[in-house]
Every structure is written in structure tokens, then in C-alpha cells.
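Worksheet for the structure shown next.
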Amino acid sequence: MIPSVLPTYSRAPLHFVKGEGTWLVEEDGRRFLDLGSGIAVNALGHANPALVAALTEQAGKLWHVSNLYEIPQQQALADKLVDATFADTVFFTNSGTEACELAVKMARKYWYDKGQPEKTDILTFSGSFHGRSSAGIAAAGSEKMVKGFGPLLPGFVHLPFGDNDALLAAITDTVGAILIEPVQGEGGIRPLPDSTLRWMRDLCDERGILLILDEVQCGMGRTGKLFAHEWAGIEPDIMMVAKGIGGGFPLGAVLATEDAASGMTPGTHGSTYGGNPLGCAVGNAVMDHVADPAFLAEVNRKAGLLRQKLEGLIAAHPETFEEVRGMGLMLGLKTRQAPADFVKKGYDALVITVPAADNIVRLLPPLNITDDEIAEATARLDAAATALETA
Ligand SMILES: Cc1ncc(COP(=O)(O)O)c(C=O)c1O
């Protein structure tokens with residue numbers, strides 16, 4: 001008999017009942033160190049007092065009105081994002097997938113309105129992940145995601161990740177955009193070199209192509225800058241954001257320049273919930289913390305500390321680990337076994353990690369993890385590796 005919850009997930013047998021900062025408490029009382037943050041979502045940890053206050057204060061006043069009316073919390077958050085980034089305008093969604101939907105629509109409408117409606121193709125890359133909607137799976141294109149779900153949304157050209165020659169060869173008069181994650185998350189923590197991102201920006205400018213960055217996983221302070229592309233010193237035309245921006249409340253956004261967004265006139269897009277007062281109250285509190293340069297400086301310091309400890313872990317466990325890679329607090333341990341095996345041993349050692357493609361165990365802790373928690377996390381990862389080696 002089919003379970004009452006549609007069985008699309010394979011879940012670990014863990015039942016968390018409470019979260020406190022970097023800690024998750026299981027029903028049976030065990031305390032886990034959370035290096036997963038609900039897949040890069042709880043940017044400020046669990047039950048952060050500032051976010052709890054923002055949410056509960058708003059919950060006592062007004063939850064939802066729809067976008068038929070003005071929403072001051074939404075306006076305030078849009079202003080903060082515009083002030084802090086390349087963007088001139090923001091549309092709020094409830095998830096990263098919905099951000100992908102709009103990014104694709106926005107790019108196509110741009111070229112349509114510019115009198116070049118043939119420029120519908122979007123170049124994407126192997127190992128990418130942009131969500132599970134029809135546009136999201138068509139964009140990523142991996143067999144695992146698309147098999148059985150055709151006919152797929154047309155207009156995506158899939159290229160090998162890191163092959164600049166293939167990218168150059170794929171540029172034709174029908175290409176309207178490049179869609180890429182500055183650091184692939186699900187694909188196995190694969191950062192794009194800064195020089196490649198700069199080269200892509202130049203290429204887009206020369207050839208009349210929009211650059212869409214998917215910063216759903218790598219954005220909102222995760223790499224030590226507010227957005228990952230800032231390390232390369234470039235600006236996209238359109239950017240997808242979600243996960244960390246809501247700190248655990250479902251919230252996403254598409255940020256764009258005035259020019260890139262010029263086709264999105266009244267009536268061309270909408271969402272019942274997107275940008276509602278509850279989500280934006282939390283989003284404002286998240287932005288107030290994460291966009292603070294002092295907070296980002298701490299993320300970078302802690303990232304250095306964690307990375308140093310992980311290098312030591314790798315040296316102590318060459319049988320288990322090959323390398324550590326990534327940026328900021330978006331790190332991947334490349335394992336010699338199936339990453340899921342290590343993740344399970346982690347559960348026994350009371351530390352939460354997340355598997356990804358390319359034999360990667362992801363470490364995506366809350367951005368405000370403490371130095372003591374980093375030391376404790378390393379000890380628990382060490383215990384998990386030892387347990388795997390002696391199994
Ligand atoms: C880079 C990237 N884009 C898009 C998505 C989809 O976001 P959501 O699951 O919020 O729809 C994800 C989710 O993991 C992601 O990592």
C-alpha cells in the first residue's frame with residue numbers, strides 16, 4: 001500500500017523535535033551537531049532569537065494579504081537586496097524552483113520584447129541543479145531527473161561542466177542566456193573558478209547573452225560574501241536566490257537589473273504567497289544579520305578554521321577522504337566510499353552531514369557556528385571516519 005506521504009524521499013530514521021543554534025535534538029534526547037542546516041537553509045541556526053522574534057511579532061499582526069495589496073515588509077526586503085547587490089528589482093517566490101521558473105521566463109520575455117524572439121535557448125551545465133519543476137529538470141537535464149517526465153520544456157542546451165571550448169562552440173544566434181551555479185551544490189560542491197566566471201561575463205557582453213546565476217545554495221553569505229559571484233568581481237543580469245534568505249521560512253527571490261527585467265510588466269507573472277508578510281518579516285531579519293560586513297568577516301574566519309581542521313582530518317584518514325573542496329562554509333569532503341555510508345556513520349557519531357554527487361559529503365553548517373562547535377564537529381567527523389574504517 002502506498003504510504004500516506006508520497007514516497008519520493010528516502011529518509012533517515014531520525015525524528016528531530018527541537019533545534020537550538022547548531023544543535024538538533026532527537027525525540028530520544030540525543031543531541032546532534034547540525035552541519036547540514038536543512039540543506040543550506042538555516043543560515044542563522046535553529047530557533048535564532050532574532051528570527052523567532054521577527055516571525056512571532058508578525059504572526060500576531062498579519063500573516064497574508066496576497067499581492068493584490070502593498071506589503072511593506074516585502075518592500076523593505078526588496079530595498080535591502082537592491083541596496084546590497086547588483087540588482088535594481090526583486091520578485092519574491094517561495095522556493096528556489098519557483099525562482100528558476102521566473103528566471104527562465106524573464107530571459108525569454110527580454111529577448112521577445114527586444115525583437116529577437118528566436119533567442120530562446122539557455123545554456124546549462126552537467127551536474128547542475130535548478131529545482132524539480134518542469135523548467136528546473138529540463139534545465140539540469142540529468143537522466144535521473146528527467147526520465148519518464150517528458151515531453152520536457154524545450155530550449156535548454158546541456159554542456160559539460162568546465163569545458164569552455166564546448167561553451168564557445170554552443171553559442172549561436174538562438175542562445176539568449178547562460179544559467180549556472182557559481183558553486184554547484186547538489187553536483188558535489190564544485191566552485192567555478194573566478195577567472196571562468198569573469199570570462200563568461202565578458203562572453204555574454206560580447207555576444208548579447210544574459211547571464212543568470214543560480215545562487216539558491218551558494219548565496220546569502222554561504223561562501224563568505226553576500227553572494228558568491230562577488231568573489232569574481234562580476235555582476236549577473238538575473239540571479240536566483242532561496243534557502244538561506246528565509247533562514248528556514250520558505251522564501252526565494254529573483255534579483256535582476258532594470259534592463260534584464262524590462263519585459264516583466266504588470267500581469268506577466270505572479271504568486272499568491274510569494275513575498276507575504278510572514279516570509280518577508282523573517283527575510284528582513286536574516287538580511288540585517290547576513291549582509292553585515294562584520295558578520296561576513298566572521299563567516300570567513302570560521303571557514304578558515306573549519307577548513308584547517310578538515311585538512312587535518314583528511315591527513316588522519318587517507319583511507320576515507322580524498323580532499324576537501326569548496327568555498328566559505330560550503331565545503332565538500334570527497335570520500336573514497338559511497339558518501340551515504342559516511343553520512344550514516346555520522347548519525348551514529350551525532351553529527352549531521354549531507355551527501356551530494358561526485359562522492360561528496362557536504363558540510364553546510366549554520367553561518368554562526370561557534371569555534372567550539374567547529375572543534376566538536378571535527379571530533380565527531382573523526383569518530384565517524386574511524387567507525388567506517390573499522391566496520
Ligand atoms: C542551486 C539550486 N537551485 C535550485 C534549487 C531548488 O530550490 P528549492 O528546493 O527551494 O525549490 C536548489 C535546491 O537544492 C539548489 O541547490
Report task. Within region 38-57, track down each residue that is within 16 Å of the ligand (Cβ to nearest atom) and either assigned to a helix (DSSP H, G or I) or modelled with pLDDT under 95 (or both). Result -> Gly38, Ile39, Ala40
Query raised in the report: Taking only pairs six or more apart or across chains, which ones have beta-carbon atoms under 9 Å, a first residue in region 1-19 that is part of a loop (DSSP other than H, G, I, E, B), and a second residue that is open to solvent by 100 Å² or more (accessible area, probe 1.4 Å)?
Result: Ala12/Lys344; Leu14/Glu27; His15/Glu27
Report summary line: Asp237: passes all of (1) touching a Cys at 6+ places or on another chain (Cβ under 9 Å); (2) within 16 Å of the ligand (Cβ to nearest atom); (3) of a type in the set (D, E, K, R) but (2)
Report summary line: Inside region 1-26, the number of residues satisfying the requirement of being closer than 27 Å to Thr378 by Cβ and not charged (D, E, K, R) is 12
Requested in this report: Among the candidates Leu168, Leu213, single out the residue that is crowded, with 22+ Cβ neighbours inside 10 Å and either farther than 28 Å from Arg307 by Cα or within 16 Å of the ligand (Cβ to nearest atom) (or both).
Outcome: Leu213
Query raised in the report: Within region 214-241, how many residues turn out to be more than 19 Å from Met106 (Cβ to Cβ) and not in a loop (DSSP other than H, G, I, E, B)?
Result: 4
Report task. Taking the residues in region 202-213 that are touching a helix residue (DSSP H, G or I) at 6+ places or on another chain (Cβ under 8 Å) and not in a strand (DSSP E or B) as candidates, determine which candidate is farthest from Arg108 (Cα to Cα). Result -> Leu203
Requested in this report: Answer with yes or no whether Thr174 is β-branched (Val, Ile, Thr) and either under 26 Å from Leu363 (Cβ atoms) or within 16 Å of the ligand (Cβ to nearest atom) (or both).
Outcome: no
Report summary line: When region 73-93 is checked residue by residue, the ones that are farther than 18 Å from Met264 by Cβ, of a type outside the set (A, V, I, L, M, F, W, C) and either in contact (Cβ under 8 Å) with a residue 40 or more places away in the chain or open to solvent by less than 70 Å² (accessible area, probe 1.4 Å) (or both) are Gln73, Lys80
Report summary line: Subset of region 359-375, residues surrounded by fewer than 16 Cβ atoms within 10 Å (Cβ to Cβ) and touching a residue at least 24 places away in the same chain (Cβ under 8 Å), comes to Thr370, Asp371, Ala375
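Quick grid of which residues meet (1) surrounded by fewer than 22 Cβ atoms within 10 Å (Cβ to Cβ); (2) modelled with pLDDT of 95 or more; (3) away from the ligand (no atom under 16 Å from the Cβ):
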| residue | (1), (2), (3) |
| --- | --- |
| Glu206 | yes, yes, yes |
| Met220 | no, yes, no |
| Lys225 | yes, yes, yes |
| Gly275 | no, yes, no |
| Cys280 | no, yes, yes |
| Gly304 | yes, yes, yes |
Query raised in the report: Ala242: crowded, with 18+ Cβ neighbours inside 10 Å and within 14 Å of the ligand (Cβ to nearest atom), yes or no?
Result: yes
Requested in this report: Taking Leu179 as meeting all but one of (1) open to solvent by 10 Å² or more (accessible area, probe 1.4 Å); (2) closer than 14 Å to Lys105 by Cα; (3) within 14 Å of the ligand (Cβ to nearest atom), write down the number of the exception.
Outcome: (1)
Query raised in the report: When you look at Ala87, is it under 24 Å from Pro191 (Cα atoms), within 16 Å of the ligand (Cβ to nearest atom) and under 22 Å from the mean Cα position of the chain (by Cα), yes or no?
Result: no
Report task. Name the residue, out of Glu298, Glu322, that is open to solvent by 20 Å² or more (accessible area, probe 1.4 Å) and more than 24 Å from Leu251 (Cβ to Cβ). Result -> Glu322
Requested in this report: Restricting attention to region 133-156, report how many residues are more than 13 Å from the ligand (Cβ to nearest atom), within 11 Å of Ile122 (Cα to Cα) and open to solvent by less than 80 Å² (accessible area, probe 1.4 Å).
Outcome: 3
Query raised in the report: Within the group Pro355, Pro318, which residue is free of Cβ contacts under 8 Å to residues at least 12 places away in the same chain and not aliphatic (A, V, I, L, M)?
Result: Pro318
Report task. Output the residue which, of all residues in region 100-121 that are within 14 Å of the ligand (Cβ to nearest atom) and hydrophobic (A, V, I, L, M, F, W, C), is nearest to Ala87 (Cα to Cα). Result -> Ala103
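The values are calculated or read from the model by the stated rules, or taken from the named source; none is laboratory data. This is a predicted model, so every value here is computed, not measured. Positions of Cβ are generated from backbone atoms using ideal geometry, with glycine treated the same way; all protein chains shown enter the neighbour counts. Remember, those area values only see protein heavy atoms, side chains included, never the ligands or the DNA or RNA. Shrake-Rupley method; radii C 1.70, N 1.55, O 1.52, S 1.80 Å.
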